[in-house]
Each structure stands twice: as structure tokens, then as C-alpha cells.
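S.K.: Structure below; questions to follow.
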Amino acid sequence: MKASDFHYDLPEALIAQTPIEPRDHSRMLVYDRADGSVRHEHFYDLPKYLKAGDALVLNETKVIPARLLGEKETTHVPVEILLLKRLNTRDWEALVRPGRRLLPGVFCSFGGGMLRAEILETLPSGGRKVRFHYKGVFETLLDELGQMPLPPYIHEHLADQTRYQTVYAKAEGSAAAPTAGLHFTPKLLEDIRGMGVHIIPVVLHVGLGTFRPVKVDDLAEHVMHVEQYEVSAESAAAINQTRQAGGRCLCIGTTSVRTLETVADEAGQIHPASGETGIFITPGYQFRAVDALLTNFHLPESTLLMLVSALMGREEALRVYQLAVDAQYRFFSFGDCMLIL
């Protein structure tokens, strides 16, 4: 199977630059795998497709303001550090710019010296291991000095940083938002819970690898990015009980799918666990725990589109994506969504 098998043409004008207000007024394409039918709805119509006893599985990761803009201390050259993964209390894996100037031994300064970063080593990925020096609480400094790391295809300034955060975000650690969850409002979640639908949290900290293009055409040669996850004993038990009672497991976003499929056994039982996952889901994959998926529209030739194609079938996914293009849906992180039943 090749990456080029997942190409589609997308007019640049359909790449959403700003989020819809209110959150739940985005459009929602509903695809039924049973008969291939398509309906055009809005996100606030989601309860129409749920029933008591179903489970919504949400990724409650929280995006950190991981983009730091400052200067190299010796030359005052502007620099950027993008935090990817916390290694311990002071050390992080990060991307840096300009890479040729930020070599081991270099110090960078942010906020007039409130926060200093020491480049420790160059990593095989091309990133850096960085150690921070500061007084006080790191998270407080990061909230003050950092910026939300918006995807590279978003060029507009985001006035309200909370719009790149789900309303249920709790566990800090993501470099990118689980964007399918951006459509929810507190009231809609309350209404869904009131229907007797179980709302079950998991955590997968989204890395920037989710935006990196597949660089090889032969998918067998692609190395999937690794992300940290956690499924609690309570969440595992709740999902298992839901499915045993005949309820559906509807994942909100591809990150929730990857998390559940990582911890599910061959019989579909979910086991509590935490760790790192590099699961790569492509057509031919047999899903163990996922019955339905709510997801945004993804980049051509991306691993996310490949996962969607595994659930729908590649030809059907490309057919429905073309319908979405023709109907002028908004694409990617701040765009509209698709419910796959």
C-alpha cells in the first residue's frame, strides 16, 4: 500500500483558519457504513445519533503553550523552541530554530531572562535535548511566556487561545489539540450525559508527529511517531461494561481510537495501562474496540486519513472526502467534522 493511494485534491480556501462560533455550530457529515449513505448535519445534532447505554470516549489531554520565542544569549539572534516531550523536571525534547545556531552548550533566554534554556545535545531526530533554568514554578512561567503551537497550515492569529483547547482538557502534555473534541460545549456534554450516554476519559498526549507528512511512498517503510497514553482502571471497566451490555463505543478523534486499540486484546477487552504507543492503523486493520468515530477532515496522504480509511474503506473515504470538498466543508484542525457510524 502506498501513501499516494490516499491523495485527494483540496482547495486551499477550504483549510479553516479560524474556529466556528459557537463551537457546536460546525457542520457534521454523517456517514453510515451499513449502507454508505451520507447526511449533512451540524455538530449540535450529535445527540440524534446517540442512545442510552452508548459510550463517548474522550481524550482529555491538555495542550501546553509549548512555543517559546526568545533569543540566543551571546548574539541576541531570535530563536524558537517548541517543546515536544518532558523527560524529567527540567529536561525536555524539543524542536529548535535556527537549528544551525542552537548546538550543545548554547544558552537561550526568554522573558528577559525569566526562563533560560541550555542546549544539551542534538538528537537523532534532529531535535534537541534542552534543560531549563529558572526560579519559581516552570508551568507558571510557561503559561506566561509560551504560545499555543498551532499547526503550520493555520496562518491567522488566534485571539482566544482557549479555542485550541477542548472544554474538558485536564491532563497537561500535548503539543497539539485532539481537534475532534473542539466542537463540544459544556452544555452539549451535559445534555448527552443526561441521555444516559457514558462519557469516558482516556489520555493520549498528541505530538507534532501527527502533522508530519509520510515521507516514504511504501507504507511498510513508514516509522510511526510515538505518543504517551494512559487508560485508567475505571475507564477500562466502563468501556468493557458498555460493550458487554450492547452499547456502542464511539471514539472522539483518532487519538482516542489509537489509545483504545493499543490497550485492547483480541477479544476486544480494554485493559488499563499507560506507556507509549506507535500503533499505525491502515486499511486491513481489524478494529477490536471501536464501533464509531467522530473525527475532523485530515490532510491528504496523512496517517490520520489512513486510519479513517481503515474504518470506512479507502475508496469510500476518498469518495466521501470528495463529497465534503464539493459541499464546501471546512477542513483540518479548526474545520468541520465527520461522524462515522
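Values quoted throughout were computed directly from the atomic coordinates according to the rules given, and no laboratory measurement underlies them. Worth saying up front: this structure is predicted, and the values here are computed from it rather than measured. Heads up, the Cβs are rebuilt from the backbone with ideal geometry, glycines too, and the neighbour counts pull from every protein chain shown.
S.K.: Check cross-link reach from Lys2 to the lysines: straight Cα distance under 29 Å, and skip same-chain residues fewer than eight apart.
M.R.: Correct list for Lys2: Lys215.
S.K.: How would you order 219-226, 178-185 from highest to lowest mean count of nearby Cβ atoms within 10 Å?
M.R.: For the peptides 219-226, 178-185, the packing ranking is 178-185, 219-226.
S.K.: For a label point 7 angstrom out from the Cα of Val226 toward its Cβ, which stretches of the stretch 122-139 have the backbone nitrogen within less than 19 Å?
M.R.: 122-130
S.K.: Using a cut-off of 18 Å between alpha-carbon atoms, which lysines can reach Lys170, once sequence neighbours fewer than 8 places away in the same chain are excluded?
M.R.: Lys62, Lys85, Lys187
S.K.: Still on this structure: Along the positive direction of the dipole of the chain (beta-carbon charges: Lys, Arg +1; Asp, Glu -1; about the Cα centre), which of Pro149, Thr303, Ile270 reaches farthest?
M.R.: Ranked along the dipole, the leading option is Pro149.
S.K.: Let me ask something else about it. State the volume of the convex hull built on the alpha-carbon positions of the stretch 12-111, expressed per residue in Å³ and rounded to an integer.
M.R.: 240
S.K.: Same structure again: Which value, in debye to the nearest 20, gives the size of the charge dipole of the stretch 176-243 about its Cα centre, when Lys and Arg are +1 and Asp and Glu are -1 at the Cβ?
M.R.: The calculated dipole for the stretch 176-243 is roughly 200 debye.
S.K.: Do me a favour and compute the ellipsoid semi-axes for the stretch 220-341 from its Cα gyration tensor, root of five times each eigenvalue, largest one first, whole Å.
M.R.: Its equivalent ellipsoid spans semi-axes of 26, 17, 13 Å.
S.K.: So what is the diffusion coefficient of the stretch 67-145 in µm² per second by Stokes-Einstein at 4 °C and 1.567 mPa s, using a Kirkwood Rh over Cα pairs?
M.R.: Estimated diffusion coefficient is 106 µm²/s.
S.K.: If I stretch the segment between Gln328 and His155 completely, what's the gain in nm (0.36 nm per residue apart, minus their alpha carbon distance), one decimal?
M.R.: Working: separation 173, 0.36 × 173 = 62.28 nm, distance 1.97 nm.
So the extension gain works out to 60.3 nm.
S.K.: If you don't mind, another one. Full extension from Ala267 to Leu87: what is 0.36 nm times the residue separation minus their Cα-Cα distance, to one decimal in nm?
M.R.: Numbers: separation 180, 0.36 × 180 = 64.80 nm, distance 3.46 nm.
Here the answer is 61.3 nm.
S.K.: Rank the residues Arg116, Arg193, Arg23 as a footprinting-exposure proxy: fewest other Cβ atoms within 10 Å of their Cβ go first.
M.R.: Fewest to most other Cβ atoms nearby, the residues stand as Arg193, Arg116, Arg23.
S.K.: If you place +1 on the Cβ of every Lys and Arg, -1 on the Cβ of every Asp and Glu, and leave all else neutral, what size is the dipole of the stretch 282-341 about its Cα centre, to the nearest 20 Debye?
M.R.: Dipole size: approximately 100 debye.
S.K.: Okay, next question. Taking a spot 7 Å from the Cα of Met195 along the direction of its beta carbon, which residues of the stretch 10-48 have an amide N less than 12 Å from it?
M.R.: Taking a point 7 Å out along Cα→Cβ of Met195, the residues of the stretch 10-48 whose backbone N falls under 12 Å are 43-48.
S.K.: Looking at [x] 20.3; [y] 21.0; [z] 19.2, which value of Kirkwood radius over Cα pairs in Å comes from a calculation on the structure shown?
M.R.: Structure-derived value, by its label: [y].
S.K.: Taking neighbour Cβ counts within 10 Å as the exposure measure, how do Ile239, Ile64 sort from fewest upward?
M.R.: Going from sparsest to densest Cβ surroundings: Ile64, Ile239.
S.K.: Treating the beta-carbon of each Lys and Arg as +1 and of each Asp and Glu as -1, no other charges, what is the dipole magnitude of the chain about its Cα centre, to the nearest 20 debye?
M.R.: On the way: 34 positive and 42 negative charges, 134 e Å.
The calculated dipole for the chain is roughly 640 debye.
S.K.: How would Phe110, Phe297, Phe138 line up from fewest to most surrounding beta-carbon atoms within 10 angstrom? It would help to have the intermediate numbers written out before the result.
M.R.: Details: Phe110 22, Phe297 27, Phe138 14.
In increasing order of surrounding Cβ atoms, one gets Phe138, Phe110, Phe297.
S.K.: Here is a follow-up. Order 241-248, 169-176 from most to least packed using the mean count of other Cβ atoms within 10 Å.
M.R.: 169-176, 241-248
S.K.: So, one more: Taking every DSSP beta bridge that has both residues in the chain, what percent is antiparallel when rounded to the nearest 5? All intermediate terms of the calculation are to be shown ahead of the outcome.
M.R.: Working: 47 of 66 bridges.
Bridges in the chain that DSSP calls antiparallel: roughly 70 percent.
S.K.: Put +1 on the Cβ of every Lys and Arg and -1 on every Asp and Glu Cβ in the stretch 67-145; which of Val77, Gly113, Thr140 then has its Cα farthest towards the positive end of the dipole?
M.R.: Going by the Cα projections, it comes out as Val77.
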